[in-house]
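Presented below is the structure to which this report refers.
The values are calculated or read from the model by the stated rules, or taken from the named source; none is laboratory data. None of these values were measured; they are calculated from a predicted model. The area values use the complete protein model at the heavy-atom level, side chains included, leaving out ligands, DNA and RNA. Shrake-Rupley method; radii C 1.70, N 1.55, O 1.52, S 1.80 Å.
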Amino acid sequence: QVQLVESGGGLVRAGDSLRLACATSGRTSDTFRMSWFRQAPRKEREFVATINWIGDDTYVADSMKGRFTISRDNDKNIIYLNLNILKPEDTAVYYCAASSGGTPWNRNDYAYWGQGTQVTVSS
């Protein structure tokens, strides 16, 4: 089992920044890839960013590229998502997810999920 706990969400204004964190524990050696997804009200959960175990392979969804970055600290077992120049349309619950393979942007390929952290961006 792998446990994921997100933190760092909050209420901010447009243009502000946030750093989300995902603390991992358990059999993290079973996970190869860590990713962030988000889900806005009445919308499907969408892919945000992904990073491999070593941390040298990252990808951010095209619509968020240039504003969001993903990184990891394997000494602390934490995955970070830096959100910059936030917009009201970034308002969503942000989820951390772990997989041992599959397609990075396919949420169905992820076996482990955190409980999510709410990000609300006011205009």
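Determine the per residue accessible area of region 1-74 with all protein chains present and a 1.4 angstrom probe, expressed in square angstrom.
55 Å²
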Measure of exposure for residue 18: accessible area at 1.4 Å probe, Å² rounded to 10, is 30 Å²
How many percent of DSSP beta bridges within the chain run antiparallel, rounded to 5?
-> 90 percent
Accessible-area ranking of 67, 107, 13, largest first, probe 1.4 Å | 13, 107, 67
Heavy-atom accessible area ranking, 1.4 Å probe, most first, across 112, 95, 59 | 59, 112, 95
Over the heavy atoms of residue 43, what accessible area does a 1.4 Å probe trace out, to the nearest 10 Å²?
-> 140 Å²
In Å and whole numbers, how far do the C-alpha atoms of the chain stretch along each principal axis, longest first?
-> 41, 29, 24
